[in-house]
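Peer 1: Before I ask anything, let me first share the structure, which is written out below as structure tokens.
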Amino acid sequence: MGIQLREPDTQVDWFQPPRLRTLADEGERHASWLELFFDLVFVVAITELSQFLVADHSAGGFLRFAALFVPVWVAWQGYMAYATRFDTDDLGFRLSYFGAMLAIAAMAVLIGDVAHGRHSAAFAVSYVVLRTIMLLLYWRAWLAVPEARVLIRFYGLGYAGGAALWLVSLAFPTPWRYVAWIAAQVVELSLPPLSTQLHRRIPTSASHLPERWALFTLIVLGESVVAVAIATAGAHWHFTSAAAAVLGFAAVAAIWWLYFDRQAGAAIRGSTIAVVVYSYAHLPLLIGLAAMSAGLRLLIERAGQARLGAGASVAFLGGAVVFLLSLVATRLVTVRGSHRRGVSVKVGAAVLILGLLAIESVIPPLAVRCSAGLARVRREDPLAPFVMRLFADLGREIKRLVLGDGEEHTKLRRRLATTVLITIVVDAVGSVLMYVMEHGEKGSQIGSAFKSFFWVTTQLLTVSSQMPNPVTTGGRIVDIFLEIWAITVVATVAGSFTAFLQKK
């Protein structure tokens, strides 16, 4: 009994010629240890990108963040695709990937400087080195895999053209240098969509791709976990920062759940176009996750302030919207069966988040809304007297709201009156639409105008109803809109009251 160690081979083939990997020859393939090690260097790049967005979340900052994310994504995609097709794990392959890791690390540490207009030449040289190593790998494959030379020639020429544009950019000052970078990225991004016909002739397998993209997604998602820890460690230990950290981690866990819940059964189906859709949908998906990471850190740091700010809100909430919509695209080409329910839930959630983003200017961060004024309590204050003072102040402000004639009272009354009037209009229009769509349909219990009005009103007031859900597609669309509006009204009213009380 015990562990038996296999005797090492007496002869080791240090160099093995690349060979075309197909599903028929290899079966279901999983990520190798070298691929997992290779992915680790991208942690540095994602961290640098996220930290830059934390420091600069202006409109220009978002553009630079997304623009610098693209070459990082393209670099990973190129090496991932080569390993999927020609991985031999010999000495030449390993040394090539180690060299590529150094080039990517150099790019990563230069991201902050390039975003501020410095050391762009060094960044371009690092990318050219990265692509030169890739061209050497494809040269080995050209010599060893004659049946794949058509595909190798296409990608080799494309990568060579992109590297040439990066070299040419060194002859121009900024910002013209960046124009050459954009042209190079357009060339490289166009390679997979333009090679779909070639992939039909060369029998490469796409079964490895969902796992590889999932691992890269996990790296980017891990940055959000790190952001929670770093922001919490640097924040003062008030209830607001702790609540924001807990809620932020819950958001990260929900994102993980959404992506990985059905990932084990993900298999790209359909033509080679499905592979392109699945891969390219991950570009905005990963950008959204990285932006969420930056926004989450800002949320925790500013939990005790009156409002989060437009830039930080766009990073956190806008990143979530981009992730949800991109996830829909990946699911459409991997998951079999009906997508109606999943797409409806994700799109509905995205619309709700956009609604919250639209009213960002009148609501404070989530933690402040949940516990207005708690961040100002000293640690030695007993909780009970604070709660009593809070309710006493709340009662006085409600009385002033009804009877007061100040400017803030007038603004709040107008906002509440506008919300009520719009809700009445939504109720009336929704009642008519539901009656027209559901009346007389099989299985529908909306048999009269009164029942339609009753159903819509209870849906708006309680975001639910004891009556069954609509049976028609149009009725379900109206139902989704009613629920979104009801939740938006609750958030608007709560945010208006909180902003009012804080100003008072």
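The values are calculated or read from the model by the stated rules, or taken from the named source; none is laboratory data. Quick caveat: nothing in here was measured; it's all calculated off a predicted structure. When we count neighbours, we look across all protein chains shown, and the Cβ atoms used for this are built from the backbone with ideal geometry, even at glycine. Just the protein is used for accessible areas: all its heavy atoms, side chains included, with ligands, DNA and RNA removed. Shrake-Rupley method; radii C 1.70, N 1.55, O 1.52, S 1.80 Å.
Peer 1: Using θ = phi - 60° and the Karplus relation 6.51 cos²θ - 1.76 cosθ + 1.60, list the HN-Hα couplings for segment 128-138 in order, rounded to whole Hz, with x at every Gly or Pro.
Peer 2: Coupling constants for segment 128-138: 5, 4, 4, 6, 5, 4, 4, 5, 5, 5, 5 Hz.
Peer 1: Label Ala106 and Thr132 with points 7 Å out from Cα along Cα→Cβ: what is the distance between them in nm?
Peer 2: Label-label distance for Ala106 and Thr132, simple model: 0.8 nm.
Peer 1: Given a Förster distance of 30 angstrom, what is the FRET efficiency for Val150 paired with Ala329, based on the Cβ-Cβ distance and rounded to 0.05?
Peer 2: After rounding, the FRET efficiency stands at 0.55.
Peer 1: Same structure, new question: Using only the heavy atoms of the protein chains and a 1.4 Å probe, how would Lys442, Lys346 rank by accessible area, largest first? Can you show the working numbers first?
Peer 2: Values: Lys442 190, Lys346 35 Å².
Highest to lowest solvent-accessible surface, that is Lys442, Lys346.
Peer 1: Could I ask something else about it? Summing Lys, Arg as +1 and Asp, Glu as -1, what charge do residues with Cβ under 11 Å from the Cβ of Ile152 carry, Ile152 excluded? The partial results should precede the final answer.
Peer 2: Values: positive: Arg85, Arg140, Arg149, Arg153; negative: Glu147.
Taking every other residue near Ile152 into account, the sum is +3.
Peer 1: At 0.36 nm per residue, minus the direct Cα-Cα distance, what do Asp113 and Val44 gain on full extension? Give it in nm, one decimal, please.
Peer 2: Numbers: separation 69, 0.36 × 69 = 24.84 nm, distance 1.44 nm.
Full-extension gain reported as 23.4 nm.
Peer 1: Quick one: length gained pulling Arg19 to Ala67 fully straight, 0.36 nm per residue minus the C-alpha distance?
Peer 2: Details: separation 48, 0.36 × 48 = 17.28 nm, distance 3.48 nm.
Gain in length upon complete extension: 13.8 nm.
Peer 1: What list of ³J(HN,Hα) values in whole Hz, one per residue of segment 422-435 in order, does the Karplus curve 6.51 cos²θ - 1.76 cosθ + 1.60 (θ = phi - 60°) give from phi, with Gly and Pro shown as x?
Peer 2: 5, 5, 5, 5, 4, 4, 5, 5, x, 5, 5, 4, 5, 5
Peer 1: Can you figure out the FRET efficiency of Leu167 with Ser448, using R₀ = 60 Å and their beta-carbon distance, to the nearest 0.05?
Peer 2: Values: r = 75 Å, r/R0 = 1.24.
Working from the Cβ atoms, E equals 0.20.
Peer 1: I've got another one for you. How much accessible surface area, in Å² rounded to 10, belongs to the heavy atoms of Val347 with a 1.4 Å probe?
Peer 2: For Val347, solvent-accessible area is about 60 Å².
Peer 1: By how many nm would the segment from Ala310 to Ala349 lengthen if fully extended, with 0.36 nm per residue of separation less the alpha-carbon distance? All intermediate terms of the calculation are to be shown ahead of the outcome.
Peer 2: Numbers: separation 39, 0.36 × 39 = 14.04 nm, distance 1.99 nm.
Using 0.36 nm per residue and subtracting the Cα-Cα distance, I get 12.1 nm.
Peer 1: May I pose another question? Could the peptides 132-145, 174-187, 272-285 be put in order, highest first, of the mean number of other beta-carbon atoms found within 10 Å of their residues? Spell out each step's value before the answer.
Peer 2: On the way: 132-145: 17.4, 174-187: 15.9, 272-285: 19.1.
So the order, starting with the most tightly packed, is 272-285, 132-145, 174-187.
Peer 1: What distance in nm separates the two pseudo spin-label positions at Thr418 and Thr196, each 7 Å out from Cα along the beta-carbon direction?
Peer 2: It is 4.6 nm.
Peer 1: Short version: ³J(HN,Hα) in whole Hz for each residue of segment 156-167, in order, from phi by Karplus 6.51 cos²θ - 1.76 cosθ + 1.60 (θ = phi - 60°), x for Gly and Pro, what are they?
Peer 2: x, 5, x, 5, 5, x, x, 4, 4, 5, 5, 5
Peer 1: If you take the beta carbon distance between Leu36 and Ala229 as r and set R0 to 35 Å, what does 1/(1 + (r/R0)^6) give as a FRET efficiency, to the nearest 0.05? Mind dumping the intermediate values first?
Peer 2: On the way: r = 23 Å, r/R0 = 0.64.
After rounding to 0.05, the efficiency reads 0.95.
Peer 1: With +1 on the Cβ of every Lys and Arg and -1 on the Cβ of every Asp and Glu, and nothing else charged, how large is the dipole of segment 50-193 about its Cα centre, in debye rounded to the nearest 20? Working shown, then result.
Peer 2: Working: 9 positive and 7 negative charges, 48 e Å.
I would put it at about 240 debye.
Peer 1: Give me the distance in nm between label points sitting 7 Å out from Cα along the Cα-to-Cβ direction at His439 and Phe481, one decimal.
Peer 2: Distance between the two pseudo-spin positions: 1.8 nm.
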